[in-house]
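To keep things clear, I will list the structure first and then write my remarks on it.
The values are calculated or read from the model by the stated rules, or taken from the named source; none is laboratory data. Predicted model only: the values in this text are computed from it and were never measured. Positions of Cβ are backbone-derived with ideal geometry, glycine not excepted, and every protein chain shown enters the neighbour counts.
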């Protein structure tokens, strides 16, 4: 199966290389997942100079693919190559350069997905490069200033505290839907904060649960409290989980 994944990945890259605007092609680590795992898919980031090829051109390039569909929000295509799910996302080099060169002035870029953008750049396998651009970007993000991490730390803590207030309110009012939404937001920014404190980029949310446990810097009793928040357990109803979240948030203060 590994040979099949390598063969199909290489074939896709050969097709993408024919696009004149393509500078770099990266294969994301989702490919390392076992092929029978529901999380498995081939994911490629295609960094372009100038405009992207339009959807008709992209469809023609992969005319033998099955179930081709494209997102109208991002320039992203999904299809099946043989029986393997494939996702290709086209990205502008200039946009990446803007964020990398002025990371503190573009904190908005990290609000929804944390530093996952940088994680993909740093940890993906370079399948093709037409210049030294991706090498230089990797060098820059491997040596980000302390001010960047500090700004992200404050931003994630503010969002964390906001969702903690909502979590308290939802639990006290027995509002199940708002409780779930608030707990989800709380966990999202809790993870962001922990990766920032450890000066590490966030992985995809499929890998968060495993990688957060491996972080070097963790507050006291973090693993047990975190497990209590993510696990469905009758012994930890919303009222009790909100108390755990309050204790966990208080313990984060000592990491500053």
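Comparison of 168, 143 shows that the only residue that is at pLDDT 95 or above and closer than 30 Å to residue 253 by Cβ is 168. Which of the residues spanning the range 214-256 are within 17 Å of residue 171 (Cα to Cα), surrounded by fewer than 11 Cβ atoms within 10 Å (Cβ to Cβ) and under 25 Å from the mean Cα position of the chain (by Cα)? Residues satisfying the conditions are 231, 232. Within the range 10-19, the presence of a residue that is closer than 20 Å to residue 120 by Cβ and either outside the structural domain of residue 121 (by TED's automatic domain parsing) or part of a strand (DSSP E or B) (or both) is excluded.
Within the option set 75, 86, 46, being in contact with a strand residue (DSSP E or B) (Cβ under 6 Å, 6 or more places away or on another chain), without any contact (Cβ under 8 Å) to a residue 40 or more places away in the chain and surrounded by 12 or more Cβ atoms within 10 Å (Cβ to Cβ) holds for one residue only, 75.
For the range 57-74, check the following and say yes or no: at least one residue is under 20 Å from residue 124 (Cα atoms), assigned by TED's automatic domain parsing to the domain that holds residue 126 and either modelled with pLDDT of 90 or more or not in a loop (DSSP other than H, G, I, E, B) (or both). There is no residue in the range 57-74 that is under 20 Å from residue 124 (Cα atoms), assigned by TED's automatic domain parsing to the domain that holds residue 126 and either modelled with pLDDT of 90 or more or not in a loop (DSSP other than H, G, I, E, B) (or both). A single entry from 163, 179, 119, 128 fulfils the requirement of being outside any helix (DSSP H, G or I), surrounded by 13 or more Cβ atoms within 10 Å (Cβ to Cβ) and either in the same structural domain as residue 25 (by TED's automatic domain parsing) or at pLDDT 95 or above (or both): 128.
All but one of (1) more than 12 Å from residue 125 (Cα to Cα); (2) in a strand (DSSP E or B) hold for residue 24, so report the exception by its number. Checking residue 24 against (1) more than 12 Å from residue 125 (Cα to Cα); (2) in a strand (DSSP E or B), the one that fails is (1).
Residue by residue, here is whether (1) within 27 Å of residue 35 (Cα to Cα); (2) touching a helix residue (DSSP H, G or I) at 6+ places or on another chain (Cβ under 7 Å) holds:
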residue: 73; (1), (2): no, no
residue: 125; (1), (2): yes, no
residue: 136; (1), (2): no, no
residue: 140; (1), (2): no, yes
residue: 144; (1), (2): no, no
residue: 149; (1), (2): no, yes
residue: 153; (1), (2): no, yes
